[in-house]
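Comments concern the structure below.
Any read-out appearing in this document is the output of simple, stated calculations on the displayed coordinates, not a laboratory observation. The structure displayed is predicted, hence computed values, not measured ones. Neighbour counts run over all protein chains shown; Cβ positions are idealised from the backbone, glycine included.
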There are 2 protein chains.
Amino acid sequence: MKSLYFDKELTLREVPMPTRAPGEALIKVLMAGICGTDREILKGYSAFRGIPGHEFVGRVVECEDPKWMGKRVVGEINIACGHCSWCARGLGRHCPTRTVMGIVNRPGAFAEYVALPEANLYAVPDLVTDQAAVFTEPLAAACEILEQLTISPGTRVAVIGDGRLGLLVAQVLKQAGAEVTLIGRHGSKMNLAKTWGIHVFNDGTQEFAASSFPLTVDATGSPGGLSEALRLVEPRGTVVMKSTFHGAANFDATKLVVDEVTLLGSRCGLFAPALDLLKLRRVTVQPLITKTFPLNQGLEAFEYLNQNSALKVLLDMR
Amino acid sequence: MKSLYFDKELTLREVPMPTRAPGEALIKVLMAGICGTDREILKGYSAFRGIPGHEFVGRVVECEDPKWMGKRVVGEINIACGHCSWCARGLGRHCPTRTVMGIVNRPGAFAEYVALPEANLYAVPDLVTDQAAVFTEPLAAACEILEQLTISPGTRVAVIGDGRLGLLVAQVLKQAGAEVTLIGRHGSKMNLAKTWGIHVFNDGTQEFAASSFPLTVDATGSPGGLSEALRLVEPRGTVVMKSTFHGAANFDATKLVVDEVTLLGSRCGLFAPALDLLKLRRVTVQPLITKTFPLNQGLEAFEYLNQNSALKVLLDMR
């Protein structure tokens, strides 16, 4: 089958079909999204070798439990052992022996087919298009903030970064009742956010006053975002760090300690609430798709993403 | 009066007596403790100029409210405006226009006399010696963790750093019901902790296994402590950062995000619970005093602290 394969560099490569382990389904990938983490993998993040890709929607073509046959599905990306204390607490996302599709020791979705445990699958409601369903994983990651924190109605939140993740996080917090300010540098992206009732602030030309928000979210995907999120948070406030990047972060330890700030790492989330938001159209994802490439133009798709103005770029395997 | 004065360098200097503002008491300092923050100030922390010192016990010699006259007191170091929303919430420690004695825009206690608002004073119970009372401020800082987090009985906690603050934090958490492991490099300090029923581990020779504790506390006072505290914490665990130092901290952002760790800055605490612990002898402070110097040997006292084996060094103005 055709795939994008990373081994020092990303290439378009013919590879053998995935082998389906017991309890797994074989899935024909329909569409896949390119994420910031994929681009970090190309820089060395997680020392991954193989087929990247963890945002996808597909159709089950082989399975153990017949109920999945032919179903359109998305899949939770952490493949947990199912036996340890983390798994027992429903936190397979933190299982110490887990693999992660396209990120840690497991082939991903930038290919014609992918295998995943049936336990990881979620059926996609008919109302949700392929283009929307492919956002389930990043939307779940945005929803994770709601699992970790209680957002009181009207809470003033700054989301730093007007990229793909920032626009999803801003919408998720807005629909949860927060008063959201998106801080970014791209007029077109912030204009989009404005149409959703989100305040916007361009920090390319001016600086927002320090210590202005009880909650800030770094969704920039770069080391500088944390410093800004920390600068903007009030004493005793919370900074949510959603950026994963390859390398060390640097921050003002004095501000963290003196202002008694809580810095909260936040990663993958639950798929069910994300699918609900898509089904109920409480978030808008369609305008986030800048361009769609067929799989055999996958390298061009990665090139294209280097443009600042690109939001979500999809691969289409249909 | 005699004082230690910092202006590019620390000198012993004759300065005018403090002027007592309305609502303030004039206090004859009895004893003062040298803190890690004082040593950071000498390196440039908080750009302080003047008399440092914020750990003290003294006796009121002039005051507005006669009830304070002649009383032996300790004093909360943050001098807040009393009117803002932070002050209204009982969080004068975060008042944006506050001064901080010996740290931010206000003379400290390394002198014969100091002036402080009467609202900041706490009478020292007779049972508490001068040598113990001088620990109220750092002990309050250790107790702050209990204000910020709920410690369930038996919670396994690693305290990193076997210095003054580490030994106080370990005791405070132990008496609150935690199962505490002190991780340090100094045999004599860790032997002391053992006598309090605290587990000890010398990380100078071997490395504790990663992801071993749901809660870790960085009390090293150095940038390296945070990395170790982060390495030792479990997924979804909490790292409390108690170190204040001059400069930026560096840490593994991937670990924070992927393991969804909470990093919590923690600074000054309430004096009342700290005085209670001293009165009820639930913590032991006497063995932490390595040496006591008269004020006019204050420069030698700072020199002496550069020895690794020194714990708390006091100045005696009695």
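Remark: A:Met241, A:Met1 ranked as A:Met1, A:Met241, counting other beta-carbon atoms within 10 Å and listing the fewest first. With the simple model of a label 7 Å out from the Cα in the direction of the Cβ, B:Ser152 to A:Ala248 spans 3.5 nm.
The Rg/Rh ratio of the protein assembly as shown, with Rg taken over Cα atoms and Rh as the Kirkwood radius over Cα pairs, comes to 1.05. Legend: calculated FRET efficiency, B:Leu127 to B:Thr292, from the Cβ-Cβ distance at R0 = 25 Å, rounded to 0.05, equals 0.75. For every other residue with a beta carbon closer than 15 angstrom to the beta carbon of B:Met190, add +1 if it is Lys or Arg and -1 if Asp or Glu, then tell me the sum. Local charge sum for B:Met190: +3. Every pair of different Cα atoms in segment A:139-265 enters the Kirkwood calculation, which places the hydrodynamic radius at 14.3 Å. Of the residues B:Asn296, B:Leu278, B:Ser243, the one whose Cα sits farthest towards the positive end of the charge dipole of segment B:206-318 is B:Leu278 (charges of +1 on Lys and Arg Cβ, -1 on Asp and Glu Cβ, taken about the Cα centre).
Counting, for every residue in A:293-301, the Cβ atoms of other protein chains within 10 Å of its Cβ and taking the mean gives 0. When the Gaussian network model of chain B links Cα atoms closer than 10 Å, the mean-square fluctuations of B:Ile27, B:Ile79, B:Ile51 top out at B:Ile79.
Counts of other chain beta carbons within 10 angstrom of each beta carbon in peptide B:233-244 average 3.
Once the Cα atoms are used to define both axes, helix B:223-232 deviates from the longest principal axis of chain B by about 40 degrees. Of the residues A:Asp126, B:Asp259, B:Asp218, A:Asp38, the one with the fewest other Cβ atoms within 10 Å heads the list, and the complete ranking is A:Asp126, B:Asp259, A:Asp38, B:Asp218.
Footprinting exposure proxy ranking of A:Ile183, A:Ile198, fewest other C-beta atoms within 10 angstrom first, gives A:Ile198, A:Ile183. Taking A:Lys279 as the anchor, which lysines have their alpha carbon closer than 26 Å to its alpha carbon, excluding any fewer than eight residues away along the same chain? The qualifying lysines are A:Lys28, A:Lys67, A:Lys71, A:Lys174, A:Lys189, A:Lys194, A:Lys242, A:Lys291, A:Lys312.
Extension gain, B:Thr97-B:Thr284: 0.36 nm per intervening residue step, less the Cα-Cα distance, totals 63.8 nm. Remark: spin-label model distance A:Trp196-A:Arg49 equals 3.9 nm, labels positioned 7 Å along the Cα→Cβ axis. Once the convex hull of all Cα atoms in segment B:204-318 is built, its volume per residue stands at 159 Å³. Angle of helix B:136-148 to the longest C-alpha principal axis of chain B, folded into 0 to 90 degrees and rounded to 10: 50°.
Look at where the Cα atoms of segment B:159-222 and of segment B:263-315 average out, and the two centres are 17 Å apart. Electrostatic bookkeeping for A:Ala21 treats Lys and Arg as +1 and Asp and Glu as -1; over the other residues with beta carbon under 13 Å from its beta carbon, the sum is -2. Helix B:164-175 axis versus longest C-alpha principal axis of chain B: approximately 70°, rounded to the nearest ten. Between A:Ser212, A:Ser188, A:Ser266, the GNM of chain A built on Cα springs shorter than 10 angstrom shows A:Ser188 fluctuating the most.
For B:Thr155, what charge total do you get from the other residues with a beta carbon under 14 Å from its beta carbon, if Lys and Arg give +1 and Asp and Glu give -1?
Details: positive: B:Arg156, B:Lys174, B:Arg236; negative: B:Glu179, B:Glu234.
Summing Lys and Arg as +1 and Asp and Glu as -1 gives +1.
Taken over chain B, the alpha-carbon convex hull comes to 131 cubic angstrom per residue.
If R0 is 45 Å, what FRET efficiency do you get for B:Leu42 and A:Arg318 from their C-beta distance, rounded to 0.05? Here the calculated transfer efficiency is 0.10. Highest GNM mean-square fluctuation among A:Arg93, A:Arg236, A:Arg39, for chain A modelled with Cα contacts below 10 Å: A:Arg236.
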